[in-house]
Amino acid sequence: MNFITRQTQQIIDKTLDNHICLAVTGLSRSGKTAFITSLVHQLIYATQSQQLPLLSVYADGRLLGVKKAAQSKLTVPPFAFDEAMSNLYADDPKWPVSTRGVSEINLVLKYQVKTGMTRFIKQTGTLKLQIIDYPGEWLLDLPMLSQTYQSWSETFFTHHQTTLHQVNYKPWLDKLSKVNLLDPMSDEEVALLAKEYTDLLYEAKKQGGYFIQPGRFVLPGEYQDAPVLAFFPWPIHQNAINESDWLSPPKESLLHKLQTRYKEYCHSIIKPFYENYFSKFDRQVVLIDCLQALNQGQKAFNSLEFSLTQILDSFHYGKRHILRRLFSPCIDKLLFAATKADHITSCQQPNLLKLLNSLVKDAKSNIGFSGIDIDSKVIASIRATIQGKLTKGSHITPVIKGYDTESNQSVTLFPGDVPPYCPNGEFWQSQQFNFVQFAPPKLEKHDYLPHIRLDSAIEYLLGDKLK
Ligand code: GDP
């Protein structure tokens with residue numbers, strides 16, 4: 001089938017309600033690649049593995065088969081599923097390479113139709129599932145669309161830099177203090193200052209900062225080294241200039257260059273992403289790694305909380321929201337999933353769900369008004385530990401056992417209590433959460449990827465389309 005025919009077929013399928021575009025996002029290392037790899041694997045092998053009891057089409061015995069299908073959008077890089085599987089099934093298993101940009105993978109699910117008139121005739125249904133993976137950092141850029149370069153700079157220096165990052169900006173700011181914003185500056189010099197700013201963002205990310213803006217600076221995708229990414233916020237309070245200069249700076253000045261690039265970034269990068277991808281999503285999963293943030297401490301956790309609020313604004317498209325004015329997004333189901341639940345003992349999973357719910361509470365009530373159906377779940381896409389119990393006299397402690405990649409040995413531990421709410425100051429003083437980076441499970445060729453409640457997530461996202 002050629003490209004045009006494929007696109008036309010997709011529109012027909014959408015009309016017949018047998019095509020679904022499922023988008024998967026989350027901040028870096030939240031588990032997007034592991035989630036998609038496992039989701040595809042679980043569906044393809046559903047009938048052999050018998051690992052999806054909570055997926056009703058499988059539990060009813062109506063799932064006939066699932067296979068990969070050709071991509072409809074030929075301009076999007078394919079999701080590297082085969083490579084991910086080779087990593088996981090190697091003799092020395094490795095986690096798949098994490099998401100760096102947008103990618104796509106397509107599946108076709110064949111099932112026996114259950115409901116309606118057709119239930120009397122054994123009719124076969126087909127669901128075409130298009131899965132799109134993209135970095136959550138890109139959604140952090142949404143507020144920039146309604147800001148000017150000046151107001152963006154102001155917000156960065158009055159709020160983000162001071163409250164969300166633990167990085168020393170001083171040497172870079174000292175350099176800027178010697179620069180006159182109204183003087184000309186060569187492209188090379190601007191690029192150098194922008195690179196230093198980007199390095200600080202990478203450092204902030206390393207220190208547990210989740211709010212990184214502009215998001216493409218750390219995950220540039222196809223824009224790596226493009227001049228449109230060579231700008232930076234200006235410390236307005238440190239180097240004040242007249243209001244009239246902000247409005248019409250000299251043509252050759254640094255300010256003119258920074259303003260032009262900022263506008264171009266909004267126009268050529270942020271907007272097209274919402275136009276070309278976001279507005280076509282039917283369903284969305286937002287993956288959240290709460291445990292890593294708990295492990296990194298209070299500032300990291302606050303930064304995660306703030307970033308999620310920003311990200312979720314992309315789904316809160318009430319009548320007057322900027323997204324509604326620009327495009328007509330059509331997501332009808334949104335799932336928040338706390339990932340890597342195999343890092344905690346099963347008795348702590350209810351607390352993790354409560355923590356997740358308190359993190360997204362405000363967003364949930366806002367989004368609810370936009371008519372989107374929302375749910376939250378605790379999952380492990382690829383379970384890397386096993387649960388157990390340690391008995392000492394009459395005392396029984398629940399534990400998990402896995403292979404720690406740092407100490408290079410098998411460990412058995414109780415990782416700690418997960419707080420059932422966004423923690424306060426007291427919690428951080430006595431915080432003893434011990435989050436270990438586990439190696440992926442060691443699998444034989446005939447083994448299937450173990451998971452925790454991925455089937456319940458799939459049921460929520462696709463169940464109603466497989467009736
Ligand atoms: P992405 O940046 O969102 O694509 O994140 P990845 O899917 O690459 O996950 C980042 C890292 O988190 C992986 O390399 C693993 O170390 C870990 N991870 C992801 N999912 C799981 C899971 O289900 N269980 C465990 N134990 N670790 C996971």
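Observations on the structure shown:
- Ranking of Asp417, Asp187 by count of other Cβ atoms within 10 Å, fewest first: Asp187, Asp417
- Förster radius 22 Å - calculated FRET efficiency between Tyr202 and Val97, Cβ distance, rounded to 0.05: 0.80
- Asp245-Ser151 pseudo-label distance in nm [points 7 Å out on the Cα-to-Cβ vector]: 2.2 nm
- In sequence order, calculated HN-Hα J values of region 85-99 (Karplus, 6.51, -1.76, 1.60; Hz; x Gly/Pro): 5, 5, 4, 6, 9, 6, 4, 10, x, 10, 5, x, 5, 5, 4
- Percent antiparallel among DSSP beta bridges (both partners in the chain, rounded to 5): 55 percent
- Extension gain for Val108-Phe427 works out to 110.1 nm (0.36 nm per residue, less the C-alpha to C-alpha distance).
- Subtracting the Cα-Cα distance of Glu189 and Ser410 from 0.36 nm times their residue separation leaves 74.5 nm of extension gain.
- The chain shape via C-alpha gyration tensor axes, a/c threshold 1.5: oblate
- Relative to one another, the C-alpha centroids of region 247-319 and region 19-47 are positioned 22 Å apart.
- Modelled this way, with points 7 Å down the Cα-to-C-beta line, the labels at Lys263 and Asp82 are 4.7 nm from one another.
- From the alpha carbon centroid of region 328-389 to that of region 431-464 is 14 Å.
Quick note: the coordinates plus some simple rules give every number you see, no bench work behind them. Small disclaimer: the values here were computed from a predicted structure and weren't measured. Every residue, glycine as well, gets a Cβ built from its backbone with ideal geometry; the counts of neighbours run over all protein chains shown.
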